[in-house]
Amino acid sequence: MKFKIVADSSADLKNMGEEFSSVPLKIITDAKEYTDDENLNVEEMTEFLASYKGKSSTACPSSEDWLCAFKNAECIFAITITSGLSGSFNSARLAKEQYESENPGSKVFVIDSLSAGPELKLIYEKLKELIESGKDFEEICELITEYQKHTGLFFSLESLKNFANNGRVSKVVAKIVGVLDIRLVGKASSEGTLEPLYKARGEAKAISRIVELLLENSYGGGKLRIDHCDNEKAALKLKERIINLFPGADVKIGETYGLCSFYAEKGGILIGYEKLY
Ligand code: X90
């Protein structure tokens, strides 16, 4: 196989065909461990976690996990969840070193998404398009790096419990949501961390705020990908607002898989979008 795209499971991509592999992260509790692969029953996991009182955490893939996914390909693009919050990027980089030295002539380009969920989907789609257009490896590396400068991620979260319990946001920030119907609207910062922007009371306000943020951040009707955690209603509402503003916009709705469901929690929505500049 000449080209292969590999992404960790934070990309919410599964079963994308032979020239793609997803490398699972894990969701760990004292009682059960979940592997975020195509066999995971996300609904069962979220239900279990909702009533589970003990400790829970997540684990990134090892470099061996990445290595396994690279197998038999000559040119590989590996997309990771943000290095600002996870060790996945580091594991992928170690795997790249090993794969390239064990398979002379092979090339691996590791892409730190500085994001999660649907922004990785955009990177995946762009890579696929570039590969299909017949560009060579080096050219694709340059073009995808440029593309990443023109994509972003917003989110609306109803709870930050799992983020706080895992030391990935402060307890102070976590406390402002989860009460009185408050949602935290924010974005992936340039360092790939959670940047709180706005406290919205009620879903309608959160959606309006996201629309404003998109416009302020040069969204102009390009690709927009919404992944929701058990909240299709909000995703559809947001889609409708976008289509009203930009009738030709390419908007798609998907679901969060295991890892993003664990952190985004029930009701959370993640929005990856293309900027005009
Ligand atoms: O290595 C690990 O154990 C994984 C840690 C992942 C922590 C971040 C998960 C983010 C999931 C939630 C909202 C979007 C925030 C984006 C910030 C860059 C998605």
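Of all residues assigned to the range 156-164, at least one qualifies as being open to solvent by less than 40 Å² (accessible area, probe 1.4 Å) and touching a Gly at 6+ places or on another chain (Cβ under 6 Å).
For every residue, the table says whether it meets (1) over 29 Å from Ser57 (Cβ atoms); (2) touching a residue at least 12 places away in the same chain (Cβ under 8 Å); (3) within 13 Å of the ligand (Cβ to nearest atom).
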| position | (1), (2), (3) |
| --- | --- |
| Lys175 | no, no, no |
| Asp181 | no, yes, no |
| Tyr198 | no, yes, no |
| Asn217 | yes, yes, no |
| Gly221 | yes, yes, no |
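Scanning the range 17-31 for residues that are open to solvent by less than 30 Å² (accessible area, probe 1.4 Å) and either more than 21 Å from Ala116 (Cα to Cα) or within 14 Å of the ligand (Cβ to nearest atom) (or both), which turns out modelled with the lowest pLDDT? Among those residues, the one meeting the criterion is Thr29. Scanning the range 228-262 for residues that are in contact with a strand residue (DSSP E or B) (Cβ under 8 Å, 6 or more places away or on another chain), open to solvent by 10 Å² or more (accessible area, probe 1.4 Å) and among the aromatic types (Phe, Trp, Tyr) yields a count of 1. Of the helices (runs of 4 or more DSSP H) lying entirely inside the range 73-169, those containing at least 3 residues that are within 16 Å of the ligand (Cβ to nearest atom) span 88-102, 118-132, 161-165. If you go through the range 116-145 and keep only what is open to solvent by 30 Å² or more (accessible area, probe 1.4 Å) and within 26 Å of Pro196 (Cα to Cα), you end up with just Thr145.
For Arg225, the requirement of being assigned to a strand (DSSP E or B), touching a residue at least 24 places away in the same chain (Cβ under 8 Å), touching a Pro at 6+ places or on another chain (Cβ under 7 Å) and more than 10 Å from the ligand (Cβ to nearest atom) is met. Each residue in the range 69-84 was checked for being touching a residue at least 12 places away in the same chain (Cβ under 8 Å) and more than 17 Å from the chain's Cα centre (by Cα), and 7 pass. Candidates in the range 50-72 are the residues that are more than 10 Å from the ligand (Cβ to nearest atom) and surrounded by 15 or more Cβ atoms within 10 Å (Cβ to Cβ); of these, the one that is modelled with the lowest pLDDT is Ser56.
Just checking, does the range 32-49 include any residue being closer than 30 Å to Ile253 by Cα, in a helix (DSSP H, G or I), of a type outside the set (Asp, Glu) and more than 16 Å from the ligand (Cβ to nearest atom)?
yes
The values are calculated or read from the model by the stated rules, or taken from the named source; none is laboratory data. All figures in this text were calculated on a predicted structure; none of them were measured in a lab. Neighbour counts are summed over all protein chains in view; Cβ atoms, including those assigned to glycine, are modelled from backbone coordinates with ideal geometry. Remember, those area values only see protein heavy atoms, side chains included, never the ligands or the DNA or RNA. Shrake-Rupley method; radii C 1.70, N 1.55, O 1.52, S 1.80 Å.
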